[in-house]
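Below: one structure, written as structure tokens.
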């Protein structure tokens, strides 16, 4: 269980920092883009919130004297499912992009063709594959982190249930 806790801690900190930064940037962009982007940004906040709740769980596992708040398990479960949804949708989208990069490349060229100062030669199949691979790794980091934290929460309850008996 120590190995799982260590891996989950590393992934939690990585996701908290990276997705916290992404969430802040999306929130700033949402102020200019409107309500739909703001709703997406608020839903994206699930990943850093889940990471924060997971850090509380990790602290309680490392130091048993520190009791877990009654709201933290609910946060790990409920917010974890929202974060798991984002992670799985990212993984599935990036797998689709890796499977057929030409379609995604043409769509992006059409999207950015109207932008002033855009150089279409920057978009190539190799850049599509690279960005898709990075997105795939980031999505997998969220999915694996949520699953490990679900397991740690279940283990925490089993240990504390046996202590109470």
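The values are calculated or read from the model by the stated rules, or taken from the named source; none is laboratory data. The shown structure was predicted, so the numbers you read here are calculated from the model rather than taken from an experiment. We place every Cβ from the backbone using ideal geometry, glycine too, and count neighbours over all the protein chains shown.
When each of 43, 28, 33 is tested for being surrounded by fewer than 18 Cβ atoms within 10 Å (Cβ to Cβ), over 16 Å from residue 153 (Cα atoms) and touching a residue at least 40 places away in the same chain (Cβ under 8 Å), the lone residue that passes is 43.
Out of 68, 49, which single residue is surrounded by 15 or more Cβ atoms within 10 Å (Cβ to Cβ), assigned to a helix (DSSP H, G or I) and in contact with a helix residue (DSSP H, G or I) (Cβ under 9 Å, 6 or more places away or on another chain)?
Every option except 49 fails the conditions.
Taken over segment 93-102, the criterion of being surrounded by 15 or more Cβ atoms within 10 Å (Cβ to Cβ) and within 30 Å of residue 45 (Cβ to Cβ) is satisfied by 93, 94, 97, 98. The set of residues in segment 103-125 that are within 18 Å of residue 93 (Cα to Cα) and surrounded by fewer than 12 Cβ atoms within 10 Å (Cβ to Cβ) comprises 106, 107, 111, 125.
Against the list (1) within 29 Å of residue 159 (Cα to Cα); (2) touching a residue at least 24 places away in the same chain (Cβ under 8 Å); (3) part of a helix (DSSP H, G or I), the condition residue 19 fails is (1).
If you check 98, 148, which single one turns out to be in contact with a helix residue (DSSP H, G or I) (Cβ under 8 Å, 6 or more places away or on another chain), modelled with pLDDT of 90 or more and more than 30 Å from residue 55 (Cα to Cα)? Outline the logic, then answer.
Working: 148 fails: more than 30 Å from residue 55 (Cα to Cα).
None of the other options fit; the residue is 98.
Of all positions in segment 149-161, none carries a residue that is surrounded by fewer than 13 Cβ atoms within 10 Å (Cβ to Cβ) and farther than 30 Å from residue 4 by Cα.
Taking residue 90, is it assigned to a helix (DSSP H, G or I), surrounded by 13 or more Cβ atoms within 10 Å (Cβ to Cβ) and touching a residue at least 12 places away in the same chain (Cβ under 8 Å)? Taking the combined requirement at face value, the residue satisfies it.
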